Amino acid sequence: MSTYTDIYFIGIGGIGMSAIARYYNAKGFKVSGYDKTPSPLTEALEAEGIQVHYTDDCSYIPKDVENTLVVPSDIEETLVVYTPAIPDDMGELVYVQNNGYRVIKRSKMLGEIATGQRCMAVAGTHGKTTTSTLTSHLFTATGEGCSAFLGGISKNYDTNLLINENDVIVAEADEFDRSFLQLFPEIAVITSMDADHLDIYGDEAHIREAFKAFASQVSGTVIAKYGLDITPNDTKAKIMTYSFGDSRADFYAEAIDEAGHFNLHYPDGVIEDCVVGIPGWVNIENAVAASAIGLVYELDPQKIKAALATFSGVKRRFDLQVKKEGCVYIDDYAHHPEEIAAALSSIRKAYPAMKLTAAFQPHLYTRTRDFADEFAQALSNVDKLILLEIYPAREEPIPGVTSEIIFKDVTAPEKVLLKRAEFMEYMKNEEVELFVTLGAGDIDRFVRPIAEMLKNR
């Protein structure tokens, strides 16, 4: 990195990209970049002194002062980082690829940052953002400290990046596009290996193969959710297991009460009367996984207990927006059937007497096509479903693939299918008791106005 003065990010507003941009900005590099649309994340980057633009315009790419031909010195001094969510034919990406710049994916950049560090990584098709964020909180709150590159905004620290001068890095290890194969962790948690990203992997077998390859790169300890197919044939690392409540695992919770208190069992003992600062059985499971990393690292068990209680969660993960008499509103990033089922189960258990209304925005045509039946089954476990049109992200439409293929099989007592533009107007007249928004697209843009509306009723 010493030869570079400028780092240019194509897709700088992504959650993973923005963390790396913030890191290098804090390290004194000239950081700038492009994103498709403004967002709270890009606004935060701009407030931190990072230049962001929103048009596909090569003139913004660092080059010579005349802004004409790229000269060798400019190429040597500018590193370009891009996210695979950017289309291959995007003008700026094509320009830097054709003009001699060093161009690398976000995952490669994160791998370079982590090289030579003690990397604590969290991988899995579900649960990795909350678990990695909680892991970073355990290291920070216990006084050990860490740098962290997170896939969500920590509510404790209001950022997706932590920087510490020690050599510990906590990283969310993203399986999309096999990105996590750029990491070589000392300790790694694997939360799940369910079918997802089938547009990339083709089938579930190739997903499992990628996770096994990731496990093979762990140097110290792999902590897999109990029941996952990770064996000594897959890795030279020590294999340990964790579970929500299965005593056959190395790390598990027991004596769980309605208030969320539990005893955390680990190979050397029990941490009694733990509680996580945010509700839901899923978060107890995430706490077991994060604590397992801390205990293997040899953080103090009682300090871990204290840190768990002060965890405030992650924005858009079981994120409590409104809680008042007769009305609770939770926002969650869940966008896979297994995630949705887990989120709804946790919400039901936390508020069993309230009518549950869920608004869901499917994310990607391919994911909707591949899991339509599973989405319908998971979403049927509500009292009323508000289903929005598909958020396409990086994809072009697929003939015959619309939200209707989910909607038709939903058996919830009430259901309605809406266009995105209709959603806010519909909510103005919708009486809700227990309300949840779900999805990974742009449904988050509605969270603040809906919360304000519900608070003021």
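Going by what's in this entry, would ILE293 be described as outside any strand (DSSP E or B) and either over 16 Å from the mean Cα position of the chain (by Cα) or at pLDDT 95 or above (or both)? Yes; evaluated as a whole, the condition is true for this residue.
Could you please find all residues in the stretch 43-58 being within 23 Å of ASN164 (Cα to Cα) and in contact with a strand residue (DSSP E or B) (Cβ under 6 Å, 6 or more places away or on another chain)?
Filtering the stretch 43-58 for residues within 23 Å of ASN164 (Cα to Cα) gives 44-50.
Answer for the stretch 43-58, where residues must be within 23 Å of ASN164 (Cα to Cα) and in contact with a strand residue (DSSP E or B) (Cβ under 6 Å, 6 or more places away or on another chain): LEU45, GLU46, ILE50.
Take the conditions (1) assigned to a strand (DSSP E or B); (2) modelled with pLDDT of 95 or more; LEU320 misses just one of them, which is (2). On inspection, VAL122 does not qualify as modelled with pLDDT of 95 or more, closer than 18 Å to SER18 by Cα and buried (at least 20 other Cβ atoms within 10 Å of the Cβ). Among the residues making up the stretch 365-385, those that are outside any helix (DSSP H, G or I) and either in contact with a His (Cβ under 8 Å, 6 or more places away or on another chain) or crowded, with 24+ Cβ neighbours inside 10 Å (or both) are PHE371, VAL382, LEU385.
Listed by position, the strands (runs of 3 or more DSSP E) enclosed by the stretch 1-67 that each have at least 3 residues that are assigned by TED's automatic domain parsing to the domain that holds TYR82 and farther than 13 Å from VAL81 by Cβ are 51-53. Scanning the stretch 403-430 for residues that are in contact with a strand residue (DSSP E or B) (Cβ under 9 Å, 6 or more places away or on another chain) and not in a helix (DSSP H, G or I) yields SER403, VAL410, ALA412, PRO413, GLU414, LYS415, VAL416, LEU417, LEU418, LYS419, GLU430. For the stretch 388-395, does any single residue satisfy the condition of being assigned to a helix (DSSP H, G or I) and either assigned by TED's automatic domain parsing to the domain that holds VAL189 or not polar (S, T, N, Q) (or both)? No - not one qualifying residue is present in the stretch 388-395. When PHE214 is tested against (1) touching a Pro at 6+ places or on another chain (Cβ under 9 Å); (2) at pLDDT below 95; (3) part of a helix (DSSP H, G or I), only condition (2) is not met. Which residues, counting only those in the stretch 221-244, are in a loop (DSSP other than H, G, I, E, B) and either in contact with a His (Cβ under 8 Å, 6 or more places away or on another chain) or under 19 Å from LYS128 (Cα atoms) (or both)? Selection gives TYR226, GLY227, LEU228, ASP229, ILE230, PHE244. If the condition is being in a strand (DSSP E or B) and among the hydroxyl-bearing types (Ser, Thr, Tyr), then the stretch 245-268 contributes TYR252, TYR266. For ARG208, the conditions (1) without any contact (Cβ under 8 Å) to a residue 24 or more places away in the chain; (2) surrounded by 17 or more Cβ atoms within 10 Å (Cβ to Cβ); (3) in contact with a His (Cβ under 7 Å, 6 or more places away or on another chain) all hold with the exception of (3).
Among the residues making up the stretch 1-27, a single one is buried (at least 23 other Cβ atoms within 10 Å of the Cβ), aliphatic (A, V, I, L, M) and either more than 21 Å from ASP177 (Cα to Cα) or touching a Pro at 6+ places or on another chain (Cβ under 8 Å) (or both): ILE7.
Note on the stretch 382-419: among residues that are farther than 22 Å from LYS455 by Cα and among the basic types (Lys, Arg), the one that is modelled with the lowest pLDDT is ARG394. On inspection, GLU339 passes the criterion of being surrounded by 21 or more Cβ atoms within 10 Å (Cβ to Cβ), in contact (Cβ under 8 Å) with a residue 12 or more places away in the chain, touching a His at 6+ places or on another chain (Cβ under 6 Å) and in a helix (DSSP H, G or I). Scanning the stretch 431-454 for residues that are assigned to a loop (DSSP other than H, G, I, E, B) and under 24 Å from GLY14 (Cβ atoms) yields a count of 4. All of (1) without any contact (Cβ under 8 Å) to a residue 60 or more places away in the chain; (2) of a type in the set (Phe, Trp, Tyr); (3) part of a strand (DSSP E or B) hold for TYR157 with one exception: (3).
Listed by first and then second residue, the pairs with beta-carbon distance under 8 Å, at least 6 apart or on different chains, first residue in the stretch 49-64 and basic (Lys, Arg), second outside any loop (DSSP other than H, G, I, E, B), are LYS63/ASP74; LYS63/THR78.
Looking for something loosely packed, with under 15 Cβ neighbours inside 10 Å, farther than 20 Å from LEU183 by Cβ and at pLDDT below 90 - is there at least one such residue anywhere in the stretch 138-147? No, that holds for no residue.
Looking across the stretch 148-178, the residues that are more than 22 Å from GLY14 (Cβ to Cβ) and at pLDDT 95 or above come down to ASN164, ASN166, ASP167, VAL168.
The values are calculated or read from the model by the stated rules, or taken from the named source; none is laboratory data. Because the structure is a prediction, the values reported are computed rather than measured. Cβ atoms come from the backbone with ideal geometry, glycine included; neighbour counts cover every protein chain shown.
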